[in-house]
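The values are calculated or read from the model by the stated rules, or taken from the named source; none is laboratory data. All values reported here derive from a predicted model rather than from experimental measurement. In this analysis, Cβ positions are derived from the backbone assuming ideal geometry, glycine residues included, and neighbour counts consider all displayed protein chains. To get the accessible areas, we keep the full protein, side chains included, count just its heavy atoms, and leave off ligands, DNA and RNA. Shrake-Rupley method; radii C 1.70, N 1.55, O 1.52, S 1.80 Å.
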Amino acid sequence: MGDFFACGLVSIARINSLAVTVNPGSAFNCYWPMPFRKSARVTLENTDEKDMVLYYQINYALAPVPRTAAYLHAQFRREAPLREKGLYTIVDGIAGEGQYVGTYLAWEVHSPGWWGEGEIKFYMDGDEEFPTICGTGTEDYFCGSYNFENRETKQYQVFSTPYTGLAQVLPPDKIYEVGQKFGLYRWHITDPVRFEKDLRVTIQALGWQSGGRYLQLEDNISSVAYWYQKEPHRAFPKLTATE
């Protein structure tokens, strides 16, 4: 649940965005439009061994839904460590017509140094070896620059904006440390990635080693991909085990 609200790490980040806000003390709020034509059902499953207490509010409006309105889809994934060195698949197997609207990543690094040199890639509408859209670096995709580093404090600088943010850095007073964790979100609200037939989204996990060579990382990454599409949609892969 935390990952869906852009809070996948152990501590709660304060997020001030258009699609999701997270407010004191533990208020997770979602504003993604979720159109429905006949009925709607929202469920939560407790996969822990102990009971939990849940408080919630659901607001809705009954009105005609345009024929062209698509349904919201969101898919969680996690690899710990990565199944393929240097590469993480955010989502694949999307078939149909729609638009990709958001990415959340929770990233734990297992190597020292900079970890975000990898490119995000959007393979759509028959792309095979080369993607239609290819990024230039992890921090660039999340609208930061140069390692998210505050040049005065020599530390990562957290930020939260309407469309993107580095909302979490744990521990916050370190930089380039093994075991550091990062929570990042990017909402494609004004710049959706539209597809007509199919979509696959990957991101490279790359650092640096001596001689200016890339280091293929074996990090711990979880993600949520958000998109709208016309039904029917392909079945989602089975969720990861509780552990």
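Whether any residue in the range 10-28 is open to solvent by less than 60 Å² (accessible area, probe 1.4 Å), of a type in the set (A, V, I, L, M, F, W, C) and more than 20 Å from the chain's Cα centre (by Cα) is what I want to check. Don't jump to the end; show me each part of the working.
Going residue by residue through the range 10-28, those that are open to solvent by less than 60 Å² (accessible area, probe 1.4 Å) are 11, 13, 15, 17, 19-22, 25, 27-28.
This time we only want the ones that are of a type in the set (A, V, I, L, M, F, W, C), so: 13, 15, 19-20, 22, 27-28.
The next check asks that each one be more than 20 Å from the chain's Cα centre (by Cα); those that pass are none.
No, the range 10-28 has no match at all.
Give the range 209-236 a look and list any residue that's open to solvent by 70 Å² or more (accessible area, probe 1.4 Å) and either over 23 Å from ILE133 (Cβ atoms) or of a type in the set (Phe, Trp, Tyr) (or both), or say none.
Listed by number, the residues that qualify are GLN209, SER210, GLY211, ARG213, TYR214, GLU218, GLU231, PRO232, ALA235, PHE236.
Can we say PRO162 is open to solvent by 10 Å² or more (accessible area, probe 1.4 Å), at pLDDT 95 or above and not in a strand (DSSP E or B)?
Criteria met by PRO162.
Anything in the range 174-208 that is within 21 Å of SER11 (Cα to Cα), loosely packed, with under 15 Cβ neighbours inside 10 Å and out of contact with any Ser or Thr (no Cβ under 9 Å at 6 or more places or on another chain)? List them, or say none.
Matches in the range 174-208: LYS174, GLU177, GLY179.
So how many residues does the range 133-149 have that are assigned to a loop (DSSP other than H, G, I, E, B) and touching a residue at least 12 places away in the same chain (Cβ under 8 Å)? I'd like the intermediate steps shown before the answer.
First, pick out the residues of the range 133-149 that are assigned to a loop (DSSP other than H, G, I, E, B): 135-137, 142-145.
Remaining after also requiring touching a residue at least 12 places away in the same chain (Cβ under 8 Å): 135-137, 142-144.
Residues in the range 133-149 being assigned to a loop (DSSP other than H, G, I, E, B) and touching a residue at least 12 places away in the same chain (Cβ under 8 Å): 6 in total.
Can you name every residue in the range 129-146 that is of a type in the set (Ser, Thr, Tyr) and touching a strand residue (DSSP E or B) at 6+ places or on another chain (Cβ under 6 Å)?
If the condition is that a residue be of a type in the set (Ser, Thr, Tyr) and touching a strand residue (DSSP E or B) at 6+ places or on another chain (Cβ under 6 Å), then THR132, TYR141 are the ones that fit.
Please tell me if ALA40 is of a type outside the set (Val, Ile, Thr), surrounded by 10 or more Cβ atoms within 10 Å (Cβ to Cβ) and within 28 Å of PRO162 (Cβ to Cβ).
Working: of a type outside the set (Val, Ile, Thr): yes; surrounded by 10 or more Cβ atoms within 10 Å (Cβ to Cβ): yes; within 28 Å of PRO162 (Cβ to Cβ): yes.
Answer is yes for this residue.
Restricting to the range 136-154, count the residues that are more than 17 Å from TRP107 (Cα to Cα), open to solvent by 50 Å² or more (accessible area, probe 1.4 Å) and of a type outside the set (Gly, Ala, Ser).
Looking only at that region, the number is 6.
Mind listing whichever residues of the range 67-114 are closer than 24 Å to LEU18 by Cβ and buried (at least 21 other Cβ atoms within 10 Å of the Cβ)?
Correct list: ILE90, VAL91, ILE94, GLY98, TYR100, VAL101, GLY102, THR103, TYR104, LEU105, ALA106, TRP107.
Checking the structure you have, find out if any residue of the range 122-132 is under 18 Å from VAL201 (Cα atoms), open to solvent by 50 Å² or more (accessible area, probe 1.4 Å), touching a residue at least 60 places away in the same chain (Cβ under 8 Å) and assigned to a strand (DSSP E or B).
no
If we keep just the residues of the range 1-58 that are among the basic types (Lys, Arg) and without any contact (Cβ under 8 Å) to a residue 12 or more places away in the chain, which is farthest from GLN157 (Cα to Cα)?
Of everything passing the filter in the range 1-58, LYS38 is farthest from GLN157 (Cα to Cα).
Out of the residues in the range 115-129 that are in contact with a Leu (Cβ under 9 Å, 6 or more places away or on another chain) and not charged (D, E, K, R), which is nearest to GLY179 (Cα to Cα)?
Among those residues, the one meeting the criterion is TRP115.
Cβ-Cβ below 9 Å, separation at least six or inter-chain, first residue in the range 215-243 and on the phi < 0 side of the Ramachandran plot, second modelled with pLDDT under 90 and surrounded by 12 or more Cβ atoms within 10 Å (Cβ to Cβ): which pairs?
SER222/THR240
Would you check which residues across the range 35-90 are outside any loop (DSSP other than H, G, I, E, B) and under 23 Å from MET1 (Cα atoms) and list them?
TYR71, LEU72, HIS73, ALA74, GLN75, PHE76, ARG77, ARG78, GLU79, TYR88, THR89, ILE90
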